[in-house]
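Notes follow once the structure below has been shown.
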Amino acid sequence: MIFDNFLSLSDEQRAIRDLARDFASREIAPKAAELDDAAKFDDSLTGKLAELGFLGMLIPEEYDGMGLDTVTYLLALEEIAFADASAAVLMSVHNSLPTQMLLRWGSDEQKDRFLRPMARGEMLGAFALSEPDAGSDAAALSTQARQDGDEWVLSGTKSWVTNGNVAQVIVAMARTDSPDDRKGGRGIGAFIVTPDLPGFGLGKKENKMGLRSSPTVQLVFDDMRVPAANLLGDPSRGFTYAMSSLDQGRLGIAAQACGIARAALQHSVAYAADRRQFGRPIRDFQAIQFKLADMASKIAAARATLYAAAAARDRGERITMYSAMAKLLSSETAMWTTTQAVQIFGGYGYVKDYPVERLFRDAKVTEIYEGTSEIQRIVVARQLYGDR
Ligand code: CAA
């Protein structure tokens, strides 16, 4: 496959990448178009990923995970995204956000109750930060948490929650400061929410352009009573926890985008060799060759940035700037590459008979969620001045 020898990988990294590729081509790719068309979540997906250990890839073995490095995790995620970006986002959110928050800031008791079963894939995780009026300006969220004895009472609506209707554990951010004394990002806590809590409700399920077999829902907390034991860490540091976890999450979305872009390239290379116009395969025309060369070169650049950022994380370095760069470059590459793919396929690229139409729709959200491209540029620019 194109790019297989581009990175210097260990035998274990190659083996896990190949395992993910083989699994994705057998179990995920054949169903992707049908699930997309029906906007249907594949109920068997979580169990199959769990069997492979893919829902605990970054969790140490002492907490029932696989204890793998970030590079290996992203290689596997990229292969899943190559087959179906909807399946990849399930893996990305679960591995990068709620499980990482529990690993870093959870108490021993929280790790036993939630992290272990999540690492084994018996509980699926979700992450609830955004709200109808707080997207890019995440610190402006308004869901209120009020302490009442040994419980917290949460009221508000969370938006754009990937897997919010199928997850068993949702890490949700809510304000712990008082309405009379707002403290911005320093007045937010992170809560472990389970769907059985009194006052937990599901809101609107979104009807999306792409990633149609990955459910995205609103969650409505109506005086939802959360045991104090479900507060994660410090009640005023939840925003920082969320931001720091998004540094990791953005690498996952970048890997997803690279998988989408690689799929668009692979399909385009094959199509351009088959499709004949003016008496020859269209790959003979320089107009097509230049598109394919630019697609491949941009993907190589995005992947190099992504895996360099992942290696920096594995060395224990702060990756805020690198992960923002990786997400920015990968998502814009995915959108650009899938646009070129549709163009190479011409009319056939505009219909559902070929996969590039779905890839084009799936690519778009990578420029939006886990921080828009504009937010990634802000993060990079701030880091250049040493801010935050
Ligand atoms: N790591 C650690 N701490 C961080 C941090 C990071 N990467 N970024 C910020 N912080 C800390 C700051 O140090 C600061 O802490 P102190 O108060 O102690 O100084 C605090 O967080 C507030 O930081 P800022 O003042 O920089 O916050 P801000 O309000 O200016 O916002 C922002 C910064 C970059 C714009 C941020 O709001 C942001 O990233 N917005 C985009 C939100 C986003 O990505 N949402 C995705 C939702 S998840 C999703 O998409 C759904 C899904 O399921 C896939």
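The values are calculated or read from the model by the stated rules, or taken from the named source; none is laboratory data. Note that the coordinates shown come from a computational prediction; the quantities given were computed from them, not determined experimentally. Neighbour counts are summed over all protein chains in view; Cβ atoms, including those assigned to glycine, are modelled from backbone coordinates with ideal geometry. What goes into the accessible areas is simple: the full protein's heavy atoms, side chains included, and nothing from ligands, DNA or RNA. Shrake-Rupley method; radii C 1.70, N 1.55, O 1.52, S 1.80 Å.
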Among the residues of the range 278-290, which ones are assigned to a helix (DSSP H, G or I) and open to solvent by less than 60 Å² (accessible area, probe 1.4 Å)? ILE282, ILE288
In the range 292-348, what residues are within 16 Å of the ligand (Cβ to nearest atom) and not in a helix (DSSP H, G or I)? GLY316, GLU317, ARG318, ILE319
Being aromatic (Phe, Trp, Tyr) and in a helix (DSSP H, G or I) is the filter; apply it to the range 349-360 and report the residue that is most open to solvent (accessible area, probe 1.4 Å). TYR350
If you go through the range 292-324, how many residues are open to solvent by 60 Å² or more (accessible area, probe 1.4 Å) and touching a residue at least 24 places away in the same chain (Cβ under 8 Å)? 5
If I filter the range 361-377 down to residues being in contact (Cβ under 8 Å) with a residue 60 or more places away in the chain and open to solvent by 60 Å² or more (accessible area, probe 1.4 Å), which single residue comes out as nearest to the ligand (Cβ to nearest atom)? GLU374
When residues of the range 211-248 are limited to those that are buried (at least 21 other Cβ atoms within 10 Å of the Cβ) and of a type in the set (Gly, Ala, Ser), the one farthest from the ligand (Cβ to nearest atom): SER213
Qualifying position, being farther than 30 Å from LYS111 by Cα and not hydroxyl-bearing (Ser, Thr, Tyr), among GLN218, GLN286, GLN256: GLN286
So the helices (runs of 4 or more DSSP H) completely within the range 75-193 holding 2 or more residues that are away from the ligand (no atom under 14 Å from the Cβ) and open to solvent by 10 Å² or more (accessible area, probe 1.4 Å) are 116-120
For the range 31-74, which residues satisfy the criterion of being open to solvent by 20 Å² or more (accessible area, probe 1.4 Å), among the hydroxyl-bearing types (Ser, Thr, Tyr) and under 17 Å from the mean Cα position of the chain (by Cα)? THR46
